[in-house]
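Trainee: Below are the structure tokens for one structure; questions will follow.
The values are calculated or read from the model by the stated rules, or taken from the named source; none is laboratory data. Nothing here was measured: the structure is a model prediction, and the numbers come from that model. Quick reminder, even Gly has a Cβ in these numbers, built from the backbone with ideal geometry, and neighbours come from all protein chains shown. Note: areas computed on protein heavy atoms with side chains; ligands, DNA, RNA excluded. Shrake-Rupley method; radii C 1.70, N 1.55, O 1.52, S 1.80 Å.
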Amino acid sequence: MKNKPWDKSISALSAIVMLTVFAISILSVLLGGAQVYSRLTPRDAQSFDSRTCAGYLRAKVRSAEGQVTVEAFGDTQALCIRQQINGRSYATRVYCHEGYLMELFSLDGGEFFPADGEKLMPAQSLTGSVEGSFLRLTVTDTQGAQQLYLALPCQEVSP
């Protein structure tokens, strides 16, 4: 049986049509994935910032080896962790200043200002209070306000 010339063109046309359908399918899946990625990335970044801010504060309080208080620092409140190093008293202050969570490690009692600290991450405000053996912190970051209730580290009692 002889092949007719239009049989070859039909075979070629069907191969081209299948290749085109395959290419369109791949492009639609890729474009859909790109749209989903572009919607999720900013949300995940904000969520990461929020978890990081709260996690940082938790880690600071849990690793504290000295007295933990909340006190005024400039025109804001600061989480203050005092500790003794080689017989000298040092203070680590964590606070918000000009849209950032900041940290300042210095000799205790020195004259320092909120602008002297290091920027850690975006945050609007940090407030807190000591309630018995617990610390209540409220941090407002890019996702809104979060409240943290943390147990204070055990304090050594002097005789």
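Trainee: Which residue is modelled with the highest pLDDT, if the candidates are limited to the stretch 131-148 and must be more than 18 Å from the chain's Cα centre (by Cα) and more than 17 Å from Glu65 (Cβ to Cβ)? Give the derivation first.
Mentor: Residues of the stretch 131-148 more than 18 Å from the chain's Cα centre (by Cα): 131-136.
Then keep just the ones that are more than 17 Å from Glu65 (Cβ to Cβ); that gives 131-132, 134, 136.
Numbers: Glu131: 87, Gly132: 85, Phe134: 88, Arg136: 92.
Per the stated criteria, the residue is Arg136.
Trainee: Further question: Report, ordered by the first and then the second residue, all pairs with beta carbons closer than 8 Å, sequence separation of six or more or different chains, a first member in the stretch 72-88 that is without any contact (Cβ under 8 Å) to a residue 60 or more places away in the chain, and a second member that is open to solvent by less than 70 Å² (accessible area, probe 1.4 Å) and assigned to a loop (DSSP other than H, G, I, E, B).
Mentor: Ile81/Ala64; Ile81/Gly66; Arg82/Gly66; Arg82/Asp108; Gln83/Ala64; Gln83/Gly66; Gln84/Gly66
Trainee: Which is in contact with a Pro (Cβ under 9 Å, 6 or more places away or on another chain) and open to solvent by 30 Å² or more (accessible area, probe 1.4 Å), of Glu118, Glu98? Before the answer, list the steps.
Mentor: On the way: Glu118 fails: in contact with a Pro (Cβ under 9 Å, 6 or more places away or on another chain).
It is Glu98.
Trainee: Ala54 passes all but one of (1) closer than 18 Å to Thr140 by Cα; (2) small (Gly, Ala, Ser); (3) outside any helix (DSSP H, G or I); which number fails?
Mentor: In the conditions (1) closer than 18 Å to Thr140 by Cα; (2) small (Gly, Ala, Ser); (3) outside any helix (DSSP H, G or I), Ala54 misses (3) alone.
Trainee: Go through the stretch 61-79 and give me each residue that's open to solvent by 50 Å² or more (accessible area, probe 1.4 Å) and either among the hydroxyl-bearing types (Ser, Thr, Tyr) or modelled with pLDDT of 85 or more (or both).
Mentor: Once the filter is applied, which keeps residues that are open to solvent by 50 Å² or more (accessible area, probe 1.4 Å) and either among the hydroxyl-bearing types (Ser, Thr, Tyr) or modelled with pLDDT of 85 or more (or both), the stretch 61-79 yields Arg62, Ser63, Gln67, Ala72, Gly74, Asp75, Gln77.
Trainee: Among residues belonging to the stretch 69-106 that are within 24 Å of the chain's Cα centre (by Cα) and outside any strand (DSSP E or B), point out the one that is nearest to Leu137 (Cα to Cα).
Mentor: Checking each candidate, the answer is Gly99.
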